[in-house]
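Enquirer: If you scroll down you'll find the structure; I have some questions about it.
The values are calculated or read from the model by the stated rules, or taken from the named source; none is laboratory data. Quick caveat: nothing in here was measured; it's all calculated off a predicted structure. Glycine also receives a Cβ, built like all others from the backbone with ideal geometry; neighbour counts cover every protein chain displayed.
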Amino acid sequence: MIIRKRQLINIRSIFRSGIRREGGLLAALLSVLCGLTACTDWVYDDRSGCDSGVYLVFRYDYNLQRADMFADHVGGVTVYVFDADGRYITRQSEANTAVHAPLKDKGYRMHLDLPAGEYLFLAVAMQRDVDATQQAGGGRARFLLTEPGAYGRMEDFGVMLEHAADGTVSHGGMPLDTLWMGRTKIPLRTCDLRAAYDTIDLMRHTKHISVVLRDLDNEEGTDVSDYDFRIDDRNLRLRYDDSVDETEAAVYTPYATWNTDDRPLTEKGGAGIGRMAHADFMTSRLLWHERAVDDATLTVTHRETGNEAIRVNLPDLLSRLRTSDERHVYTEQEFLDRAYDYRLTFFLKGGRWVEVQLEISVLSWSIRMQNVDI
């Protein structure tokens, strides 16, 4: 490689400025390295041909499929930028629209025009534009972001699920907007004269839970209007590091309920098991605790009699969907965090459930368990 005199002078000036600015040889050498690895015209004042700033790649493979589904699932992402000490600097958003869907591109990267420095990044993603979901209206419960603001820190960031004073999540008959979060833990060092790259791994926090009731004692089947369904938990608030602030109680009710009927087995009719009752929930992140009494509970109560047909420890029940191989790979909590779409079919007899069939719909596997096994 031929280094021209002008280039040597520039290297010396960078070296001296590095020592003066950072107070050490290492910082000066890093500055020289940034310059030497930049585009070919780095020695000139005009850097229009140079690529600079930061390019962020987003990855969502923290799922049971172990496949990156960012492009297929995420519709909007907002990135919060912090310095190496976790102090807030700025934010940037991008989202798909009806006419332009950049996040669907498998090679999508967000470009941030940041000067030389060291940065940490925190990302929030949803199925829609993150900023738009913060606006009033729409009827559904929202994940409201507590942003760090000027001179704030990463630890100041949080997400709160909109709720009533008693903790009830008022969904307005609609599912929650899916929420992902992720952050970098090691500062990214950038230079003015070349682009830097980093990847943010996302974790999905919202869970879809479909509950089905079948009454084995009643040929006419089950009517969803005869029952009250609810999930009790303590997961209204999420911190910047994906942990859950469990200080407040949360109450989830189904955002959709309906009945279905078995199709006739013959042309003349004839009953199958009969009518089935359906209730669909969406919740925030589910936690598996060392103490079972701290776990979320699913209850189904008959409205007329007050009989509690179902009361189960929800995280414990769902985590039993792990296969024998997965028990050696995933803890209960990691399994709950990777999975997100569950179907629970309860079979009732004598007003109480006697058997449950658990399914993860996206992978099409299931297990059946007797009440005595729980």
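Enquirer: Taking the stretch 308-336 as the search range and keeping residues that are in a helix (DSSP H, G or I), at pLDDT 90 or above and among the charged types (D, E, K, R), which one is farthest from the chain's Cα centre (by Cα)?
Expert: 316
Enquirer: From the list 87, 142, 128, which residue is closer than 18 Å to residue 240 by Cβ and either charged (D, E, K, R) or touching a Gly at 6+ places or on another chain (Cβ under 9 Å) (or both)?
Expert: The unique qualifying residue is 87.
Enquirer: Six or more apart or on different chains, Cβ under 7 Å: which pairs go from a residue in the stretch 175-189 that's within 17 Å of residue 207 (Cβ to Cβ) to one that's of a type in the set (Asp, Glu)? Could you list them?
Expert: So the pair list comes out as 181/242.
Enquirer: Among (1) in contact with a Gly (Cβ under 6 Å, 6 or more places away or on another chain); (2) in a loop (DSSP other than H, G, I, E, B), which single condition is residue 115 missing?
Expert: For residue 115, the failing item is (1).
Enquirer: Among the strands (runs of 3 or more DSSP E) contained in the stretch 135-218, which hold 3 or more residues that are outside the structural domain of residue 88 (by TED's automatic domain parsing)?
Expert: 207-215
Enquirer: Hey, can you tell me all the residues within the stretch 249-263 that are without any contact (Cβ under 8 Å) to a residue 24 or more places away in the chain and part of a strand (DSSP E or B)?
Expert: 260
Enquirer: Still on this structure: For residues that are out of contact with any Ser or Thr (no Cβ under 6 Å at 6 or more places or on another chain) and crowded, with 19+ Cβ neighbours inside 10 Å, scanning just the stretch 211-227, find the one that is modelled with the lowest pLDDT.
Expert: Per the stated criteria, the residue is 221.
Enquirer: Take residue 79 and tell me if it is touching a residue at least 60 places away in the same chain (Cβ under 8 Å) and of a type in the set (A, V, I, L, M).
Expert: yes
Enquirer: Sticking with this one: Do we have any residue at all in the stretch 133-144 that's in contact with a strand residue (DSSP E or B) (Cβ under 9 Å, 6 or more places away or on another chain), modelled with pLDDT under 95, small (Gly, Ala, Ser) and surrounded by fewer than 17 Cβ atoms within 10 Å (Cβ to Cβ)?
Expert: no
Enquirer: Suppose we filter the stretch 76-112 for residues that are of a type outside the set (Asp, Glu) and outside any strand (DSSP E or B); how many remain?
Expert: 15
Enquirer: Here is a check on your reading of the model: is residue 55 hydroxyl-bearing (Ser, Thr, Tyr), part of a loop (DSSP other than H, G, I, E, B), in contact with a strand residue (DSSP E or B) (Cβ under 6 Å, 6 or more places away or on another chain) and at pLDDT 95 or above?
Expert: Here the answer is no, as residue 55 does not meet what is asked.
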